[in-house]
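For reference, the structure discussed in these notes is given below.
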Amino acid sequence: MDDETFLRQFEDLSLPFDQWVHRSHVRVAYLYLRRFSLEEAIGRMRAGIQAYNAKNDVPEGVTQGYHETATQAWMRLIHGAMAAHGPEKDSDAFCDTHPHLTKKTLLRLFYSRERISTREAKEGFVEPDLAPIDVDSSVNRGDAHGGG
């Protein structure tokens with residue numbers, strides 16, 4: 001599915017729920033970051049995920065539903081990759097060029113399970129406790145954490 005159709009379906013809440021996988025999160029983040037500042041892209045991502053979850057009856061709890069720290073951390077990692085390498089022709093090409101960003105486990109390099117699993121981290125952004133996330137991070141230049 002092309003980027004415009006994909007983003008429209010996410011925003012109008014018609015994207016089939018079985019297609020809302022981690023790669024889809026990365027694609028939406030990339031598309032917002034292509035169009036908006038980091039702060040505005042985070043706000044749009046937050047609002048979009050919350051609306052999409054509500055539409056699809058995703059329950060909110062400590063281990064499910066919207067997670068602010070995870071959302072902001074992913075947005076910062078994707079922003080860092082874009083800052084280091086520039087944009088790609090589309091969101092699928094971006095995901096293919098940066099396969100480390102399509103692995104949900106990547107946040108384990110930055111956050112301990114104890115820190116990311118707190119209510120504080122779910123409801124508001126908390127800084128990582130294992131390694132910093134810098135929007136111009138070397139993880140995206142391939143010289144740390146196996147990135148590249």
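All of the numbers you see were taken from the coordinates with simple rules; none came from a lab. Computed from a predicted structure; not experimentally measured. Cβ: placed from backbone, ideal geometry, glycine included. Neighbour counts: every protein chain shown.
Test of the criteria: in the stretch 25-87, which chymotrypsin sites (Phe, Trp or Tyr not before Pro) are in a DSSP loop and have at most 14 other Cβ atoms within 10 angstrom of their Cβ?
Those that pass, being in a loop and sparsely packed, are Phe36.
Computed extension length for Arg119-Thr102: 3.6 nm, one decimal, from 0.36 nm per residue of separation with the Cα-Cα distance subtracted. Using the Cβ of Phe110 as centre and a radius below 14 Å, the other residues enclosed give a net charge of +2, where K and R count +1 and D and E count -1.
Let me know the shape class of the stretch 1-74, please: from the alpha-carbon gyration tensor, a ≥ b ≥ c as square roots of the eigenvalues, rounded when a/c is under 1.5, otherwise prolate if a/b is greater than b/c, or oblate. Let's see the in-between values first.
Working: a/c = 1.81, a/b = 1.13, b/c = 1.61.
It is oblate, given that a/c is not under 1.5 and a/b is not larger than b/c.
Listed by chain and number, the aspartates and glutamates whose C-alpha is less than 13 Å from the C-alpha of Lys122, apart from same-chain residues fewer than 8 away, are Glu60, Glu68, Glu114. Its Cα gyration tensor gives the stretch 1-142 an equivalent ellipsoid, and the semi-axes of that ellipsoid, as √(5λ) in whole Å with the largest first, are 21, 21, 12. Phi-derived couplings, Karplus 6.51 cos²θ - 1.76 cosθ + 1.60 at θ = phi - 60°, listed residue by residue for the stretch 27-37: 4, 4, 4, 4, 5, 5, 5, 5, 9, 9, 5 Hz, with x used for Gly and Pro. Within the stretch 1-96, the trypsin sites (Lys or Arg not before Pro) that combine a DSSP coil assignment with at most 16 other C-beta atoms in a 10 angstrom radius are Lys89.
Computed from the Cβ-Cβ distance with R0 of 25 Å, the FRET efficiency linking Ala83 to Glu127 stands at 0.85.
Please identify every one of the GluC sites (Glu not before Pro) in the stretch 31-96 that sits in a loop by DSSP and has no more than 12 other beta carbons within 10 Å of its own beta carbon.
Qualifying residues, ordered by number: Glu60.
Within a straight-line Cα-Cα reach of under 14 Å, Lys89 can be paired with the following aspartates and glutamates, leaving aside sequence neighbours fewer than 8 residues apart in one chain: Asp2, Asp3, Glu4.
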